[in-house]
Amino acid sequence: MSDTNFKVITAAFSQDLNAATAGLLGAGQRLANDAGGTHIAICCGSIDSTLSTQISAFGDRVIAIDSEPLARAEPEAWLSCLRSISAQETPDAILLGNDTLSQEITPRLAHRLNGASIGDAQSVTIDDGAIVITRSVYGGKAIADIELTASPAVVWIRAQSMDPADKNAAPGTIETVPLNESADLQSHIIDTHDEVSEGERLEDAQIIVSGGRGLGGPEPFEELVSLAKVLKAQNAASRAACDLGWVPHSWQVGQTGCKVAPQLYLAVAISGASQHTMGIADSKAIAAINTDRDAPIFKHCQFGLVEDFQQVVGPLRDKLSDLL
Amino acid sequence: MNILVCLKQILDPEVPVRDFAIDASGLQADPACANQVTNIFCENALETALQLKDLHGGKITLLTLGPESAEDALRKGLAMKADEAYLILNDTEQLPDSAATAKALAAAIDKLDAFDLILAGRESGDWGAGQTGGLLAEELSLPFTAFVDQISLEGEERLVLRQQTDSGWKSFSSPKPTVASITNSDHNLPRIPKTRDIIMANRKPVTTWSLEELGISQDSFPTQETKARVRQLSIPEAKSDCEFIEGDSVEEKIEKLADKIAAIARAV
Ligand SMILES: Cc1cc2nc3c(=O)[nH]c(=O)nc-3n(C[C@H](O)[C@H](O)[C@H](O)COP(=O)(O)OP(=O)(O)OC[C@H]3O[C@@H](n4cnc5c(N)ncnc54)[C@H](O)[C@@H]3O)c2cc1C
Ligand SMILES: Nc1ncnc2c1ncn2[C@@H]1O[C@H](COP(=O)(O)O)[C@@H](O)[C@H]1O
């Protein structure tokens, strides 16, 4: 199919070209190429900012917007901005990442554009002229192909696990749009608190050491933190461990937590409920330490150890600090 | 505070993988493979509402769209001490998508008294769409905050909503009325109703509305409003080629495990 009028907009809310932004641009570029159309990448910053220049390698066009409320990631500001750009450009698809802001505004933007909204897409393709996404449903127990029957399709995707974009033959054009925003946001941010800083985000982690309810309390998590240090890894947890207040919710991996894609995901005392494994399916390798040989987590593992974590974690850390 | 909570009844998400099955249409889970339960995030939403009521008084209204059986979800909510409950009866075979659901919920909300706060769950544990709350806010032309785990008052006219984010949290100030989708936290674990309250709840009235009563054509629902159509549903194959690390002693096993992990760590 070739439709030169086909337009894909990607909107990246991060301030740099991290893995998620690269994956988002990749998905946008491929979708536009499949249709023979145009990929427009939107970012926050001035026309000559590093980010807009970097992104212009991957989009046919870049729209850079310099605005204080957008830089602050105000949802209502982004909504009205994306709405007015979309009204101008009439895209067929708008792709967003899997950060909180993207997830929050997806349904609202779709509604304002009379389009269709969907989230957590693991693939976005064109089939028979329709935009079709694939996503895990029923807590990871099934996979659905879903056709979006209204246009534009507003979709948030698992950006960090998508292949990054290829560099264009020539950089795309960079333009700005005048923002005739009225700064009166009905609902606005009054306080922000980051438990993890950029660069320590689970989504971007190469190695993750994760703990579950089987650890029995918050103290053993300290051992997992020290194991992670040796591996230059990040720590994560199952929802059960987060709900018990042992570790912050920002550590949660799974259907309703982070979707991660590390080189190694080490699950310690985690049973491997489908809602948990849904968030780790894109890992290159999964390993587990669990006393129960029949724990479902082992179905997802490349290798595993059936032992009590208390016997293993300390010596494992010592051994690894010798080896690395 | 006048609070509305949207409750959805779903197939028990804890159904083990081996029991999960797809029905004859091939487009949804076989309802016979597990019990129907209230979506956990809806219960977190109700708990959030109940705590606000405990502190500031007011009234909590429950609303669901679903088949007759969805009344059970409302009864459980009443047992947790919500005040009123409404069921929009939908017994069409095709599952409504989020767009159709939000339309029906909004039509019902328009018929009810004004609310200060409208709560949904962050997503439902069956399809995990996570769209209805945001769509409902737009249907009602109200502000919206997603992934909220705490709500407090800011004077008479505004609310402070704490949002869980990827990296921590953010607080939003929003004018009343506002819509929020609620996520789980250690603050909103749903309370367990007392036996007495369960019995009392069975005596409370539940108002049932047909779609027609809300001005929605029964014959074209949800087809006409649907914007996301399921083409295919399949069960992924569970592969099981885990190499269990064996050895004569724990030390030996740990050594082998460390070697495997180190090999990956060196390549990173
Ligand atoms: C709608 C919905 C969304 C959800 N989203 C998520 C999500 O995003 N993320 C998530 O994680 N969960 C999620 N869940 C919850 C999920 O279904 C499970 O309840 C949860 O993942 C279980 O956590 P766990 O594996 O830590 O605990 P358990 O299932 O209790 O497992 C503990 C494991 O530890 C092992 N163990 C015990 N003692 C030891 C020991 N000494 N040494 C070694 N191993 C030991 C046990 O054998 C067991 O396998 C969701 C549920 C629902 C309904
Ligand atoms: N049929 C329904 N009846 C009442 N509320 C619903 C229904 N479907 C969705 N919701 C609300 O919207 C939230 C998110 O659902 P979803 O968008 O389907 O993931 C749920 O937690 C409910 O609060």
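The values are calculated or read from the model by the stated rules, or taken from the named source; none is laboratory data. Quick caveat, the model's predicted, so the values are computed rather than measured. Every residue, glycine as well, gets a Cβ built from its backbone with ideal geometry; the counts of neighbours run over all protein chains shown. These area figures cover heavy atoms from the full protein model, side chains too; ligands, DNA and RNA do not enter into them. Shrake-Rupley method; radii C 1.70, N 1.55, O 1.52, S 1.80 Å.
Listed by chain and number, the aspartates and glutamates placed with their C-alpha closer than 17 angstrom to that of residue B:194 are B:43, B:47, B:54, B:72, B:83; residues fewer than eight positions away on the same chain are left out.
When the charge dipole of segment A:7-175 is built from unit charges on Cβ atoms (+1 for Lys and Arg, -1 for Asp and Glu) and taken about the Cα centre, the candidate among A:162, A:31, A:117 whose Cα reaches farthest toward its positive end is A:117. Buried on complex formation within segment B:85-125 (loss of at least 10 square angstrom of accessible surface versus the isolated chain, 1.4 Å probe, ligands and nucleic acids ignored): B:122, B:123, B:125. Atom-type composition of the exposed protein surface of segment B:2-214 places 49 percent of the accessible area on carbon and sulfur (1.4 angstrom probe). Of B:155, B:133, B:66, the residue with the greatest mean-square motion in the GNM of chain B, using alpha carbon springs below 10 Å, is B:155.
Pick from A:59, A:36, A:212: which residue has the top mean-square fluctuation in a GNM of chain A where Cα pairs under 10 Å get a spring? The residue that fluctuates most here is A:36. Within a straight-line Cα-Cα reach of under 19 Å, residue A:229 can be paired with the following aspartates and glutamates, leaving aside sequence neighbours fewer than 8 residues apart in one chain: A:195, A:198, A:200, A:203, A:204, A:219, A:318, A:322, B:255, B:259.
With pairing defined as another cysteine C-beta under 4.7 Å, the cysteines of chain A that fail it are A:43, A:44, A:81, A:242, A:258. Share of carbon and sulfur in the accessible area of segment A:202-323 stands at 45%, probe radius 1.4 Å.
Per atom type, segment A:7-175 shows carbon and sulfur on 46% of its accessible surface, probed at 1.4 Å.
Annotation: per residue accessible area for segment B:97-191 equals 30 Å², rounded to a whole number [probe 1.4 Å, protein chains only]. Placing dummy labels 7 Å off each Cα toward the beta-carbon, the span from residue A:163 to residue A:311 is 4.4 nm.
Legend: distances between Cα atoms for A:141/B:239; A:141/B:76; B:111/B:227; A:259/A:319; pairs beyond 20 Å are A:141/B:76; B:111/B:227; A:259/A:319. In this assembly, the B-A interface accounts for approximately 7300 Å² of buried accessible surface in total, computed with a 1.4 Å probe and without ligands, DNA or RNA. Solvent exposure of chain A amounts to 37 Å² per residue of accessible area, where only protein heavy atoms count and the probe is 1.4 Å. Please check: in the Gaussian network model of chain B (C-alpha springs, under 10 Å), which one of B:247, B:26, B:121 has the largest mean-square fluctuation. In the Gaussian network model the winner is B:247.
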